[in-house]
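K.L.:
Dropping a structure here in structure tokens format, bear with me for questions.
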Amino acid sequence: LNESVTLSSPDRMHALSLKIVLLGKIYAGTPRFFPLDFIVQFLEQQVCTLNWDVGFVIQTMNEIGVPLPRLLEVYDHLFKSRDPFWNRMKKPLHLLDCIRVLLTRYVENPSQVLNCERRRFTNLCLDAVCGYLVELQSMSSSVAVQAITGNFKSLQAKLERLH
């Protein structure tokens with residue numbers, strides 16, 4: 001990241017993505033050398049700080065070949081850990097927005113998950129979406145909260161049709 005300071009934002013994102021994909025394809029199967037939870041959290045914090053595209057980390061992990069169920073597990077854990085960073089950055093919905101992007105990818109192309117795992121993953125997604133909707137209902141209502149609530153309700157309907 002420090003070496004790419006002089007590049008434009010899209011060029012920086014592309015350069016970082018290429019580097020992470022290169023390393024990820026080599027080390028992704030070894031948690032000691034590619035700690036997925038830490039890497040996703042760090043990259044999402046950078047995305048927030050640098051105002052990069054919400055789907056950047058998910059796209060990068062997809063290019064590495066990280067399975068969607070594993071990625072959902074990571075994002076769900078990050079969201080439930082309630083790190084104060086997101087509120088400090090004034091982006092408390094950032095991780096939910098990332099999860100929305102991830103689930104939208106699945107709904108638009110279910111074949112990203114192995115056929116034998118699809119039903120279980122769809123159930124897992126439906127359970128997770130219910131939990132996120134409960135969380136959203138407990139937040140003070142704003143345009144952003146209403147928008148993401150609508151997005152999750154739409155995703156819920158699409159997931160139920162996949163069932």
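K.L.:
If I ask for residues that are touching a helix residue (DSSP H, G or I) at 6+ places or on another chain (Cβ under 7 Å) and either within 15 Å of PRO92 (Cβ to Cβ) or β-branched (Val, Ile, Thr) (or both), which ones from region 123-151 would you list?
P.N.:
Scanning region 123-151 gives VAL129, TYR132, LEU136, MET139, VAL145, ILE148, THR149.
K.L.:
Still on this model: Among (1) touching a helix residue (DSSP H, G or I) at 6+ places or on another chain (Cβ under 9 Å); (2) surrounded by fewer than 13 Cβ atoms within 10 Å (Cβ to Cβ); (3) acidic (Asp, Glu), where does ASP83 come up short?
P.N.:
Every listed condition holds for ASP83 apart from (2).
K.L.:
Under 7 Å between Cβ atoms, which residue pairs at least 6 apart in sequence (or on different chains) link something in region 134-163 that is within 17 Å of CYS98 (Cβ to Cβ) and among the β-branched types (Val, Ile, Thr) with a partner that is in a helix (DSSP H, G or I) and modelled with pLDDT of 95 or more?
P.N.:
Final answer for the pair search is VAL145/LEU136; ILE148/LEU96; ILE148/ASP97; ILE148/ARG100; ILE148/LEU136; THR149/LEU133; THR149/LEU136.
K.L.:
Residues being surrounded by 13 or more Cβ atoms within 10 Å (Cβ to Cβ) and farther than 20 Å from CYS98 by Cα: count how many of those fall in region 25-44. Give the steps one after another, and end with the answer.
P.N.:
Applying the first criterion (surrounded by 13 or more Cβ atoms within 10 Å (Cβ to Cβ)) to region 25-44 yields 25, 27-28, 34-37, 39-44.
Applying the additional criterion that residues be farther than 20 Å from CYS98 by Cα yields 25, 27-28, 34.
Residues that pass the stated criteria total 4.
K.L.:
Across region 40-78, what is the total count of residues that are assigned to a helix (DSSP H, G or I), of a type in the set (Phe, Trp, Tyr) and either in contact (Cβ under 8 Å) with a residue 24 or more places away in the chain or on the phi > 0 side of the Ramachandran plot (or both)?
P.N.:
Within region 40-78, the subset assigned to a helix (DSSP H, G or I) is 40-50, 56-64, 68-78.
Those still in the list that are of a type in the set (Phe, Trp, Tyr) too: 42, 56, 75.
Then keep just the ones that are either in contact (Cβ under 8 Å) with a residue 24 or more places away in the chain or on the phi > 0 side of the Ramachandran plot (or both); that gives 56, 75.
Of the residues in region 40-78, 2 are assigned to a helix (DSSP H, G or I), of a type in the set (Phe, Trp, Tyr) and either in contact (Cβ under 8 Å) with a residue 24 or more places away in the chain or on the phi > 0 side of the Ramachandran plot (or both).
K.L.:
Here is a further query. From the list SER4, SER17, pick out the single residue that is under 25 Å from LEU96 (Cβ atoms), surrounded by 14 or more Cβ atoms within 10 Å (Cβ to Cβ), in contact with an Asp or Glu (Cβ under 9 Å, 6 or more places away or on another chain) and not aliphatic (A, V, I, L, M).
P.N.:
Numbers: SER4 fails: under 25 Å from LEU96 (Cβ atoms).
The match here is SER17.
K.L.:
Check whether at least one residue in region 80-95 is closer than 13 Å to PHE152 by Cα, touching a residue at least 12 places away in the same chain (Cβ under 8 Å) and among the charged types (D, E, K, R), and report yes or no.
P.N.:
So far as region 80-95 goes, no, none of its residues is closer than 13 Å to PHE152 by Cα, touching a residue at least 12 places away in the same chain (Cβ under 8 Å) and among the charged types (D, E, K, R).
K.L.:
Same structure again: For region 16-39, which residues satisfy the criterion of being within 21 Å of SER81 (Cβ to Cβ) and touching a residue at least 24 places away in the same chain (Cβ under 8 Å)?
P.N.:
Within region 16-39, LEU36, ASP37 meet the criteria.
K.L.:
Ok, one more. Would you confirm whether any residue within region 92-103 is touching an Asp or Glu at 6+ places or on another chain (Cβ under 6 Å) and buried (at least 17 other Cβ atoms within 10 Å of the Cβ)?
P.N.:
no
The values are calculated or read from the model by the stated rules, or taken from the named source; none is laboratory data. Treat the numbers as computed from the prediction; the structure is a model and nothing was measured. Counting neighbours? That spans all protein chains shown, and the Cβs are built from the backbone with ideal geometry, glycine included.
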